Amino acid sequence: MAAHHDKNPFHNEEDDQVNPFSNPSHYSHSRLSALPHEPANFDYGHRHPAIDVALDKEMNLQHKERELKTKEAEIRKREEEVKKKEEALARAGVFLDIENWPPFFPIIHHDIANEIPDYLHRMQYVAFATLLGLILCLVWNVISVSAASLKGRGIVIWFLAIIYLLVGVPGAYFLWYRPLYRACRKDSAFRFGWFFIFYMVHICFCIFAAVAPPIFRQGFSLPGILSALDAMSQSAILGILYFIGFGLFSAEALLSIWVFQRVYRFFRGTGKAAEAKSRAARGRAMAAAS
């Protein structure tokens, strides 16, 4: 029995120390935990996210496109309704004076192409050119008089030139151009009469400025022919400035006379003169009766 407990003569204790599998107790109590179980997946991590995002974007774009088309249709419908209302008001003789000129800074209402009859377009455009021409003349007058003031002609003529500009431009628009525009648009005899009165004043002023008689401050507040000759004797540059002003006022006066003749011919040809006379007669009769 003792023979069964004897050691194996061929057993090597060093092998037990080197080989970890020789003793099951070395691995049966290992601290490493097993890896969790994962289901088999054969798409290699690709779950098609790019396709879903692309479809969502396409759907959003289509939805926005439909919304934009709907809004555009509503805007066009409203524009058509507004246009129909404006046309109805125009046929009834009511016009909406919406500021639309100049385009970069609208301050007045001006639409010859759509509001003035075709046969009056040329006359109205030339009348508008005389308004712009007057603005040019008065601005050039300020430049010329400023140069004369620096040459020793005094500061009074410069103040007069500024007054001509500040009073003349709005005065010309409100006193004769707008009455003519509205007279041609509404075919009003009364407004034609208002235009004739103040346009005659405009023509007389242009002729006076082109001559510049030495009535006040030797006429140097306006660049006429007489003041230009006087300025030429003092300075060649100053004389040239005044001669240019003389040419501008002369052209303005001639063009204004042409407009006056055309408007008067139209006024007489359409029978507005007789209508204006009858209205004046009725006014005098009512005044006498009262």
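The values are calculated or read from the model by the stated rules, or taken from the named source; none is laboratory data. It should be emphasised that the depicted structure is a prediction, and the values quoted were computed from it without experimental measurement. Glycine also receives a Cβ, built like all others from the backbone with ideal geometry; neighbour counts cover every protein chain displayed. Ligands, DNA and RNA are stripped out before the accessible areas are found, and what is left, the full protein with its side chains, is counted by its heavy atoms. Shrake-Rupley method; radii C 1.70, N 1.55, O 1.52, S 1.80 Å.
Among the residues examined, Leu254 qualifies as out of contact with any strand residue (DSSP E or B) (no Cβ under 6 Å at 6 or more places or on another chain), part of a helix (DSSP H, G or I) and without any contact (Cβ under 8 Å) to a residue 12 or more places away in the chain.
Would you confirm whether any residue within the range 203-220 is under 25 Å from Asp97 (Cβ atoms) and either open to solvent by less than 10 Å² (accessible area, probe 1.4 Å) or not β-branched (Val, Ile, Thr) (or both)? Scanning the range 203-220, I find no residue that is under 25 Å from Asp97 (Cβ atoms) and either open to solvent by less than 10 Å² (accessible area, probe 1.4 Å) or not β-branched (Val, Ile, Thr) (or both), so the answer is no.
Considering the range 159-200 alone, what residues qualify as being of a type in the set (A, V, I, L, M, F, W, C) and more than 16 Å from Ala127 (Cα to Cα)? Matches in the range 159-200: Phe159, Leu160, Ala161, Ile162, Ile163, Leu165, Leu166, Val167, Ala189, Phe190. The single condition among (1) of a type outside the set (Gly, Ala, Ser); (2) outside any helix (DSSP H, G or I); (3) within 17 Å of Asp187 (Cβ to Cβ) that His110 does not satisfy is (3).
Against the list (1) open to solvent by 80 Å² or more (accessible area, probe 1.4 Å); (2) over 24 Å from Leu175 (Cα atoms), the condition Arg265 fails is (2). Against the list (1) open to solvent by 20 Å² or more (accessible area, probe 1.4 Å); (2) under 25 Å from Ser250 (Cβ atoms), the condition Met123 fails is (1). I'd like the residue in the range 146-158 that is assigned to a helix (DSSP H, G or I) and farther than 14 Å from Gln234 by Cα and, out of all such residues, is least open to solvent (accessible area, probe 1.4 Å). Of everything passing the filter in the range 146-158, Ile157 is least open to solvent (accessible area, probe 1.4 Å).
Among all positions in the range 117-140, there is at least one residue which is part of a loop (DSSP other than H, G, I, E, B) and either at pLDDT 95 or above or out of contact with any Lys or Arg (no Cβ under 7 Å at 6 or more places or on another chain) (or both). In this structure, is Phe198 part of a helix (DSSP H, G or I) and in contact with a Leu (Cβ under 6 Å, 6 or more places away or on another chain)? Criteria met by Phe198. Among the residues of the range 159-197, just one is within 30 Å of Ala231 (Cβ to Cβ), open to solvent by 50 Å² or more (accessible area, probe 1.4 Å) and touching a residue at least 12 places away in the same chain (Cβ under 8 Å), namely Tyr164.
Can Phe208 be described as in contact with a Pro (Cβ under 6 Å, 6 or more places away or on another chain), among the aromatic types (Phe, Trp, Tyr) and without any contact (Cβ under 8 Å) to a residue 40 or more places away in the chain? So Phe208 does not fit the description; no.
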